[in-house]
Amino acid sequence: MPIRLTSPPRSLDLDLVKSRSNRRRLHDFSASSTAGRILICTILAGVVTLLYCWTTLWAAPQSWFFNADSAYEYRYTDHRLLESGAFIKAANASEHTTPARVSKNQPVMCVAMTTIKRKKTQYLSDAAGSMLVGLTPEERSAIEARLIFVDLNATLHPQWDDPWLDVFDWWGGYNVTDAEMDMLREYRAHEKIQAKGIFDYAYALSQCYNETTAPYIAMVEDDVAFADGWLAKTLDALATVRQKKAPWLYLRLFFTEWHLGWDADIDSLATNPWIWFVVPIISSLVTAAGLKFRCHYYRSSHDINHARCASLWILLCVTIPAIFTLLFLIRPDGFVPRTGVVRMDDKGCCTQALVYPREQVPALIQHLHDVKPGPTDLKIEKYANELGLARYALAPQVVQHIGLISTRGMPKKYTQQTWAFTFETQKAEKLAKEHAESARWGVWRAELNSDIHLLPLLDLAQALRKNMAPTTENVPAKGIPFWTPQHLLNPGTPLKPDAKLPTLFTPLTIRGNVLRNRIIVAPMCQYSTAPSGPDIGALTPYHITTLGHYALKGAGLVFIEASGVQPNGRISPNCPGIWSDDQIPGVKAVADMVRSQGALCGMQLAHAGRKSSTVPPFIAAQFKKGSVRATKENYGWPEDVVSASGGEDFVWDGKRSDDPEGGYYAPRALSKDEIKQLVQDWAAAAVRSVKAGVDVIEIHGAHGYLIHQFLSPITNQRTDDYGGSFENRTRLLVEIIKAIRAVIPESMPLFLRLSSTEWMDDTEPGKRNGSWDVDSTIRVSKIASDLGVDLLDVSSGGNHPQQKINMFDSKDYQTKIAAQIRRELREAGKPMLIGAVGLITEAEQARDIVSTSAEAEGQDSKHDGSTGEEAAAAEKMTDAKGGKTPMADCILVARQFMREPEWVLKVGWKLGVDLAWPNQFNRVRFPKL
């Protein structure tokens, strides 16, 4: 009988397959497999990372690796207390080497330390000694140290009248009225500790403010320790803060990491721990679903690659969760160390050591007097939040809180948490070396701090300190896309600022932007851009050359010429524009060049209105005319000349369009829809200017251009919302200001140029319609100030050929108008700055409005270019010395810069001010007078 072969039972086949599959899966996770190697590497990396974190993050309080037993130990503080003790011991024996400051000049910083009798440990000598020990004579002369005993009976303080107290420049108790003393007694009797704390803080602030003219006031408590080199680092940090854009309240020298607030992108991770769990969970679920589908698919159709799936499972279930868990254990403050000046609003904690700019102190004092009792630091933070003031901190901390016993009865666990953990990790040798290096340069000279007007000259000191050390390297300027040498000191900056320095050469700070002096290059039309094609209206290397040279030779702010916000807003087809993104690169190139030379770059936005579509004046001069129309053949726009009102009656020179002698076209009136679009285009042009890197924007509302045409009742005879009343005629300007202010950074200054008067009061059109005059300018300036305009550029004329200017009776006619406007604004409490034109050379601008180019050229030849007279006039206009009221806050100069690009340096020379020159031109400096 034949043997019949039969297949094994189906159940046996399934068991065999499963057995083989299980063996394969076990092999996929073995140590020799890819998945196994990934697992081993993950474990090893995790162990190494954990060991590293345990040894380095013991002082990071928000980290899981924080070690409270070690973090609160004196480490670097012990070293400083030893040095402080030796200093105080020597001071008691009159042997100290750093006496109270002897300089007669005003200090850079007034340091007010308040002290009160404590129940047990007194920390005063430790605080005072660590603050002053090791300061060089130059550093010591930069501060005035004042100690205020805030006991009702100061003589009961254990250290009252100790010999070593003479290390302070002044020390003493309260000097208050009887009513204030009665109030303090009531505070003590009823244990109103917080109310007394606020009073003491405000009192100490006022002492420094009233008794010195120091540009910075530091408030420190008596239970702190200072790091070696704290002053040099603080002054360096203050210079950095002043260069930032945001208005600010204080620089914090102490902060505790317990309450640290980081930048928003990091803070969101620290304050929302659920992110650390939700993100990996979601990613795991999504990946697991995809992996399951993939493995099932391959298993059924392609003989699945088990090794690949195993590796993915290890990465998904072990490696990725381990990374997220480790990051959560470390927390952001563990792996994102902070150094230098950092923004720290709200969460910095405590009032152990804060440095305020002088200009913020009066309002802060008043606020502290007005608020209800409460923790002083919280009241200060609330004040800063209400005003939108930035707060900065110096990291790592240069001050430590060592008082573990609170004078206010707070539990020890709270006083202990007021602790700068990073402070204790610093190395004494490293800090001493850094301080010695800073002291070797010897920068904080007494002459730097002799006048409150020199406040931003700490920036100058910072530059000196960084550049005085000899070096063989030709250092490049920073933040510039091309190579150019960094000047040893910005050209146009005084080398030796002192109390005799003319205000003209003191810095001017506007929204945190610092002009190195108060001389501004006004916008000047150059008629040098392409009239058509892809480069229409774009700035060229010509503009880099001319404007860059003014910056090179020391101007504080250099304006790019009037740039059209619309194509038909240009004066001529060859004028620049900023209506297209294609024009941004040209502006950026100019801004980069100007900024590389230490100046700020400004952009003047404009629309010429009925004075547009004309040829350049040097072309018109060939025809012996002041103006010639630009036809379509010459790339003009005869049919798109616009104004507030339209028709032949509103041609600028009064000559009809068919008159061949006329130099302008008859405009058409803008519709309300076109006005709305116009406002949007102004805002869009401002945005492009910001993208191009300019520092300042100016709205051109003067000289008879479009905004001026709306302001004047002579040229604006509309009957809608934009004509008639003062409010209606100013509506376009107000809308433009609001639109621009809304889209530019809060820190960007906004200027406004206005013709303060049309000089039309005594003319027939003026008598018939009324005119724009000084009173109108003052009125609209108050509105503009409230809307965020920072500076009014005061000019005049330009809206009508019949204007009657009496400038020849007074060379400073425009300056007197500027002074009047400034006085009126100050009396109204408006902070708007005033810029004046109208120097001897600037009278030409108004003269040219009623003269032909040929006449102007003839008169120019008679100008003697007396720089001495101009220097004296410029100094007089801005003089704020001896309590004088300046006529203006800065001056704007135009054509004289075209004659003499080095005009700033020459004016300084004539006034006896030793100014810094560009590195490349130092060998050709003017001889000493």
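Some points to look at:
- Flag for residue 690 being surrounded by fewer than 19 Cβ atoms within 10 Å (Cβ to Cβ) and closer than 30 Å to residue 480 by Cβ: yes
- Residue 200 open to solvent by less than 30 Å² (accessible area, probe 1.4 Å) and of a type in the set (Asp, Glu): yes
- Among the residues listed as 779, 741, the single one being basic (Lys, Arg), touching a Gly at 6+ places or on another chain (Cβ under 6 Å) and assigned to a helix (DSSP H, G or I): 741
- Whenever a residue of the stretch 532-557 is on the phi > 0 side of the Ramachandran plot, its partners that are crowded, with 19+ Cβ neighbours inside 10 Å and among the hydroxyl-bearing types (Ser, Thr, Tyr), lying with C-beta atoms within less than 6 angstrom and at least six residues away or across chains, give the pairs 537/529.
- Any hit, the stretch 526-545, residues being crowded, with 24+ Cβ neighbours inside 10 Å, modelled with pLDDT of 95 or more and touching an Asp or Glu at 6+ places or on another chain (Cβ under 8 Å): yes
- Contact map, the stretch 234-256: residues that are under 19 Å from residue 431 (Cβ atoms) paired with residues that are charged (D, E, K, R) and in a helix (DSSP H, G or I), Cβ distance under 8 Å, separation 6+ or inter-chain. Pairs shown: 236/465.
- Leading residue by the ranking (modelled with the lowest pLDDT) among those in the stretch 509-525 that are in contact with a Ser or Thr (Cβ under 9 Å, 6 or more places away or on another chain) and open to solvent by 10 Å² or more (accessible area, probe 1.4 Å): 512
- All of 790, 786 fail the test of being at pLDDT 60 or above, under 28 Å from the mean Cα position of the chain (by Cα) and under 20 Å from residue 775 (Cβ atoms), apart from 786.
- Scanning the stretch 751-775 for residues that are open to solvent by less than 20 Å² (accessible area, probe 1.4 Å) and in a helix (DSSP H, G or I) gives 765, 766.
- Among residues of the stretch 684-722, those that are outside any helix (DSSP H, G or I) and within 24 Å of residue 583 (Cβ to Cβ), counted: 12
- Being over 23 Å from residue 224 (Cα atoms), modelled with pLDDT of 80 or more and assigned to a loop (DSSP other than H, G, I, E, B) holds for only one residue in 362, 373, and it is 373.
- When the stretch 504-540 is filtered for residues that are within 22 Å of the chain's Cα centre (by Cα) and β-branched (Val, Ile, Thr), the ones remaining, listed by number, are 506, 509, 510, 514, 519, 520, 521.
- Among the residues making up the stretch 146-186, those that are part of a helix (DSSP H, G or I), open to solvent by 40 Å² or more (accessible area, probe 1.4 Å) and free of Cβ contacts under 8 Å to residues at least 40 places away in the same chain are 155, 156, 178, 179, 180, 182, 183, 185, 186.
- Inclusion of residue 638 among residues that are open to solvent by 20 Å² or more (accessible area, probe 1.4 Å), under 30 Å from residue 479 (Cβ atoms) and modelled with pLDDT of 95 or more is not warranted.
- Residue match in the stretch 535-548 (condition: in a strand (DSSP E or B) and not hydrophobic (A, V, I, L, M, F, W, C)): no
- Pair list, Cβ under 6 Å, 6 or more apart: the stretch 667-694 residue touching a residue at least 60 places away in the same chain (Cβ under 8 Å), other residue open to solvent by 60 Å² or more (accessible area, probe 1.4 Å) and among the basic types (Lys, Arg): 692/588; 693/588
- Residue check, residue 929 open to solvent by 50 Å² or more (accessible area, probe 1.4 Å) and either at pLDDT below 85 or under 24 Å from residue 800 (Cα atoms) (or both): yes
- Note on the stretch 776-804: residues that are open to solvent by 10 Å² or more (accessible area, probe 1.4 Å), among the small types (Gly, Ala, Ser) and touching a residue at least 60 places away in the same chain (Cβ under 8 Å) total 1.
- Positions within the stretch 733-750 being under 24 Å from the mean Cα position of the chain (by Cα), among the β-branched types (Val, Ile, Thr) and surrounded by fewer than 21 Cβ atoms within 10 Å (Cβ to Cβ), in sequence order: 743, 744
The values are calculated or read from the model by the stated rules, or taken from the named source; none is laboratory data. Since the structure is predicted, the reported quantities are computational estimates derived from the model, not experimental observations. For neighbour counting, all protein chains shown are included, and Cβ atoms are generated from backbone atoms with ideal geometry for every residue, glycine included. Areas reflect the complete protein model, heavy atoms only, side chains present, ligands, DNA and RNA absent. Shrake-Rupley method; radii C 1.70, N 1.55, O 1.52, S 1.80 Å.
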